[in-house]
Amino acid sequence: MGIKALDPATWIMFAEDAEDQLAERRRLLDACPGEVLAALPGSEEAVDELLTLLLDHLQHHAADRYRIEAATVIERATGRPHPRRSEPLSLIGRLVQEDFCLLQKRDDRYILTSAVLCFPAHWLLSEKIGRPLLDIHEPVPGFAEQLGSPVERLFERFDPEKPVQRQNWSLVDTNALFLPPSHRDEPTDIPTDQIGERLHLRVERQTFRRLPQSGAVVFGIRTILNSLAQAIDSADAADALSQRLHELPDPMQRYKNLTDLKPALLAFLEQRRSAMLVV
């Protein structure tokens, strides 16, 4: 699973793409809240606790971006106010680039009970809300057999004082951040000389932490999206992705829609590697 310790101070990331991503998040929250927000009855305490934790974090680690007041969160750059009496999940989604899913233990299983999910990667919140971990990951090859029990045990061990992180990646033929399942079918015939611009490396920085009062587990997803030409900016990066492609089992290659693209991808990476070495 590639789990690593997370410095709590780095829980939230703001990067060069912050303004563009925040604008897109706010557009989605205004245009289609039913697709990017969901909360089951009984999740209110956990959602409120997450908002409190997030605002405290921003006050201490993003004071240059936000001023936290009793009734309002003020953007320092624009003066734009965000009332704290707003729907809490919507407010969370407007302030940071991360998506958040909250999972709570019910009947000995961790259930997805609430979320703000503006940038899904080929899944819909409406299809996953209320489902346990194993069901949520049903499409992932080998998850139930290899990772189902270890993930459940990992969720049991999460310590509020010791957040963790991991990364996930995919290659997509779009620069769209909101990717419902309808975008699942990727092209299979991209020429090698077009791979770098048409394909995008989509990386999810995933964080996990337990809320101390409600006991809910917060799953954070920070999406980083770059064209493959931008992402593969060194010979080492080309070698690393090439190695990952060679290591992927066939079922995972099919799941990631890479089977037919793999030869062109490997050729692109070798060309990129050689060009970088010459430079």
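The values are calculated or read from the model by the stated rules, or taken from the named source; none is laboratory data. Please read these numbers as outputs of a predicted model, since none were measured by experiment. Note: ideal-geometry Cβ built from the backbone for every residue, glycine included; neighbour counts use all protein chains shown. Just so you know, the surface numbers come from the protein's heavy atoms only, side chains and all, with ligands and any DNA or RNA stripped out. Shrake-Rupley method; radii C 1.70, N 1.55, O 1.52, S 1.80 Å.
Considering only residues that are open to solvent by 30 Å² or more (accessible area, probe 1.4 Å) and in contact with a Gly (Cβ under 9 Å, 6 or more places away or on another chain), which ones fall in the range 210-254?
230, 249, 251, 252, listed by residue number.
From the list 254, 205, which one is basic (Lys, Arg), closer than 21 Å to residue 122 by Cα and not in a strand (DSSP E or B)?
254 is the lone residue from the list that is basic (Lys, Arg), closer than 21 Å to residue 122 by Cα and not in a strand (DSSP E or B).
Residue-by-condition table, conditions (1) touching a strand residue (DSSP E or B) at 6+ places or on another chain (Cβ under 7 Å); (2) in contact (Cβ under 8 Å) with a residue 60 or more places away in the chain:
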position: 2; (1), (2): yes, yes
position: 8; (1), (2): no, yes
position: 14; (1), (2): no, yes
position: 18; (1), (2): no, yes
position: 26; (1), (2): no, yes
position: 37; (1), (2): yes, yes
position: 41; (1), (2): no, no
position: 44; (1), (2): no, no
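Which residues, counting only those in the range 83-93, are surrounded by 19 or more Cβ atoms within 10 Å (Cβ to Cβ), over 17 Å from residue 61 (Cβ atoms) and touching a strand residue (DSSP E or B) at 6+ places or on another chain (Cβ under 8 Å)?
Residues satisfying the conditions are 89, 91, 93.
Kindly provide the set of residues from the range 116-144 that are open to solvent by less than 10 Å² (accessible area, probe 1.4 Å) and at positive phi, ordered by number.
none
Looking at the range 14-38, which of its residues are open to solvent by 60 Å² or more (accessible area, probe 1.4 Å) and within 27 Å of residue 161 (Cα to Cα)?
The one that is open to solvent by 60 Å² or more (accessible area, probe 1.4 Å) and within 27 Å of residue 161 (Cα to Cα): 14.
Would you pick out the residues in the range 232-279 that are closer than 20 Å to residue 202 by Cβ and β-branched (Val, Ile, Thr)?
If the condition is that a residue be closer than 20 Å to residue 202 by Cβ and β-branched (Val, Ile, Thr), then 232, 259 are the ones that fit.
Can you say whether residue 251 is touching a Pro at 6+ places or on another chain (Cβ under 9 Å) and closer than 19 Å to residue 140 by Cβ, as far as the supplied structure shows?
yes
Here is a yes/no grid of residues against (1) touching a helix residue (DSSP H, G or I) at 6+ places or on another chain (Cβ under 7 Å); (2) more than 15 Å from residue 272 (Cα to Cα); (3) at pLDDT below 95:
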position	(1), (2), (3)
209	no, yes, no
212	no, yes, no
215	no, yes, no
219	no, yes, no
223	no, yes, no
234	yes, no, yes
247	no, yes, yes
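In the list 53, 91, 58, 29, which residue meets the criterion of being in a helix (DSSP H, G or I), at pLDDT 95 or above and over 26 Å from residue 215 (Cβ atoms)?
Unique residue meeting the criteria: 29.
Is there any pair linking a residue in the range 97-113 that is open to solvent by 10 Å² or more (accessible area, probe 1.4 Å) to one that is assigned to a loop (DSSP other than H, G, I, E, B), with Cβ under 6 Å and at least six apart or on different chains, and which?
Close Cβ pairs satisfying both conditions: 104/216.
Could you grab me the full set of residues in the range 1-16 that are part of a helix (DSSP H, G or I) and charged (D, E, K, R)?
Across the range 1-16, there are no qualifying residues.
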